[in-house]
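Working notes for the structure below.
The values are calculated or read from the model by the stated rules, or taken from the named source; none is laboratory data. Predicted model, so just to flag it, every value in this text is computed and none were measured. For neighbour counting, all protein chains shown are included, and Cβ atoms are generated from backbone atoms with ideal geometry for every residue, glycine included. Accessible surface areas use protein heavy atoms only, side chains included; no ligands, DNA or RNA. Shrake-Rupley method; radii C 1.70, N 1.55, O 1.52, S 1.80 Å.
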2 protein chains.
Amino acid sequence: MKKLLLTAALLIATIYSAQKKYVLVVHGGAGTITKSTMTTEKEIAYRAKLSEALIAGYSEIHKGNTSVQAVAAAIVIMEDSPLFNAGKGAVFTHDGTNEMDASIMYGKDKSAGAIAGVHTVKNPIKAAIAVMQQSEHVMLSGVGAENFATEKGLEIVDRAYFKTEERWESLQKLLQNENSKKTSQNTVAEAYEVDQKFGTVGAVALDKHGFITAGTSTGGMTNKKWNRIGDAPIIGAGTYANSQVGISGTGWGEYFIRATAARTLAAKMEYQNKSIKIAAQETIDEIEKLGGDGGLIALDKDGNIAMPFNTAGMYRGAITEDGEIFIEIYK
Amino acid sequence: MKKLLLTAALLIATIYSAQKKYVLVVHGGAGTITKSTMTTEKEIAYRAKLSEALIAGYSEIHKGNTSVQAVAAAIVIMEDSPLFNAGKGAVFTHDGTNEMDASIMYGKDKSAGAIAGVHTVKNPIKAAIAVMQQSEHVMLSGVGAENFATEKGLEIVDRAYFKTEERWESLQKLLQNENSKKTSQNTVAEAYEVDQKFGTVGAVALDKHGFITAGTSTGGMTNKKWNRIGDAPIIGAGTYANSQVGISGTGWGEYFIRATAARTLAAKMEYQNKSIKIAAQETIDEIEKLGGDGGLIALDKDGNIAMPFNTAGMYRGAITEDGEIFIEIYK
């Protein structure tokens, strides 16, 4: 870990240049993340974990493995960390459960897999990959998805595994707010703490064979009800990949779905020959126009990246083909 | 009903012309629907029901109501009929349940609603509309979606309501096939009877205010497992609408998701200025290239329609602003 931190510290200073060819980009969520509300310890922890995810994914690419394996390696690191709203750090639903969604898409053949509403699968991204590779379906949900994951030999954990004190307190605070006043349409953001921390994680990788994979994993919104499904497991909304570009989103999921965010970005490149940076920024602009917020990461076949967001911050990082790491949190 | 049939019979002969302005288009599923396997009685029943759906939706538009109301009226007619794989005629899952999905999108403001995996909501499309209009979410699933529908006062029925003999026998046949031989990846189509009848229903309407709505409702695939979610409730896959065009798909859902079918069609119009007919055909071609099949209906803001499919047939119909009805089943 010490070595990782050192590597990160040394390389964070690396100038972020368009000339560099990136092979992996990750995010750990967008939201009201500001320097003033962040402790040094916490910032170091986030930077270290993002570096670890980048190095894990990079290692797969370096070995000549597929971008699917790279995305899996990077996301598993973040799912296993309580820092992010995915896997171990998933937020709580209104009913006090952790209900997780994940998806993956492989640009080579546009194969895809997704799971929604699982409570016991340790690494939801692995379940999404199993759906993609070992079923004839794209999307499974609820108990069915859990049974499928069990059948495929994925690690199943007790529901208690996902309980973290910080997330539990977030729910209690929101429940108290709900009890003390009627939540109107105007206070939706407040009721779901949507601006506080989305915390969804995602990764997009480009392997040595030239193929792109995008993946996303999340616990959704604190206090969510009615088995709500957000954009993370929706192919075309939170995740998309084709032969040209891969995208993973993080933000207010409802707006990402309505904007078909990930597909919109790819379509602007595919049909209008727009650069990844312009296509990505325009997509965030469209989400903002609808009234939503969040961010996304994108990586194209030439190794160019874009990481726009319209929130105060977004945990994000990328690594070049030479292993240079770039990490940012604030605007 | 007699009057409806007469109206339909008189108007079916109407020449399908590009000059006509259509205000509503519906489908009742694509698949292996051929003249040789169809009885006259059955064909008349399908034509009559599609006409009834068109007239119900047309009546809303004629009154100056929104395209959301028109789509709802048309789809409810088909959901309440055992002829289609939606609502009353929903197919059975592997476990012998009826598990329904639906979605709606309103082009005016890109608002959207969807429900996945409900067992007791009489009209899934109404639940999707309630999600769009009465919740801050876009997609709800399973028991949560049912609780939401109950809370909003929608009609809840006993699970037995959805049991139809024909669909039950389809499941039994597939289960017998499964028992008699191992299903390999190569016989997926056989295992799920995917080519036999998709039967998903959908509607796209253009109201007098110039706004488009698209909606889709389905029971999914016979013998589906693991709480599989298909394209019907996925915004951008089975359903999409913006200010320019609305789309509803029917077919092998996994391919429609991977092709982000509905959004792809709209993107070709939005970003490449392609006509609705070309954009629609190219979308079906992309689905076919991936290995999938099915069809879709699309209606643009000028009243142009497209209804391409790459299966043997698709139950489909449209109605002009003057109330002229056009219905087709085969190629």
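Rounded if a/c is under 1.5, else prolate if a/b is larger than b/c, else oblate: which is the range B:21-173, with a ≥ b ≥ c the root eigenvalues of its Cα gyration tensor? Since a/c reaches 1.5 but b/c is at least a/b, the shape of the range B:21-173 is classed as oblate. Here the range B:11-120 is assigned +1 on the Cβ of each Lys and Arg and -1 on the Cβ of each Asp and Glu. Its dipole about the Cα centre then comes out at about 520 debye. Heavy atoms only, probe 1.4 Å: what % of the accessible area of the protein assembly as shown goes to carbon and sulfur, would you let me know? The value for the protein assembly as shown is 51 percent carbon and sulfur by accessible area. Contact with the other protein chains removes 40 Å² or more of accessible area, compared with the isolated chain and a 1.4 Å probe, from these residues of the range B:216-231: B:Trp226, B:Asn227, B:Ile229. Couplings 3J(HN,Hα) of the range A:26-36, computed from phi: 10, 9, x, x, 10, x, 7, 10, 10, 4, 5 Hz, in residue order, whole Hz [Karplus 6.51 cos²θ - 1.76 cosθ + 1.60, θ = phi - 60°; x for Gly and Pro]. Remind me, relative contact order of the range A:86-166 in percent, using alpha carbon pairs under 8 angstrom and six or more residues apart? Computed over the range A:86-166, the figure is 31 percent. The tail of the calculated P(r) for chain A, taken as Cα-Cα distances beyond 26 Å, holds 40 percent of the pairs.
Antiparallel beta bridges, as assigned by DSSP with both residues in the range B:71-170, represent about 70 percent of the total such bridges.
When the P(r) of the protein assembly as shown is calculated, the portion above 51 Å amounts to 8% of the C-alpha pairs. Estimated purely from DSSP H runs of n ≥ 4, each contributing -39500 (n - 2.57), the mean residue ellipticity at 222 nm for the protein assembly as shown is -11500 deg cm²/dmol once divided by its residues. Reported to the nearest whole Å, the Cα centre-to-centre distance from the range A:293-318 to the range B:235-251 is 27. Taken across both chains, chains A and B shield about 3800 Å² of accessible surface from a 1.4 Å probe. Entry note, the range B:259-331: relative contact order of 21 percent, from Cα contacts under 8 Å with a spacing of 6+ residues.
Net charge around B:Ile61, counting only other residues with Cβ within less than 10 Å of its Cβ (Lys, Arg = +1; Asp, Glu = -1)? With Lys, Arg at +1 and Asp, Glu at -1, the net is -1.
Working note: Karplus 6.51/-1.76/1.60 with θ = phi - 60° gives the range B:207-224 the couplings 8, 5, 8, x, 9, 9, 10, 10, x, 9, 8, 7, x, x, 9, 4, 6, 5 Hz, where Gly and Pro are set to x. Per residue of peptide B:250-263, the mean number of Cβ atoms on other chains within 10 Å of the residue Cβ is 5.
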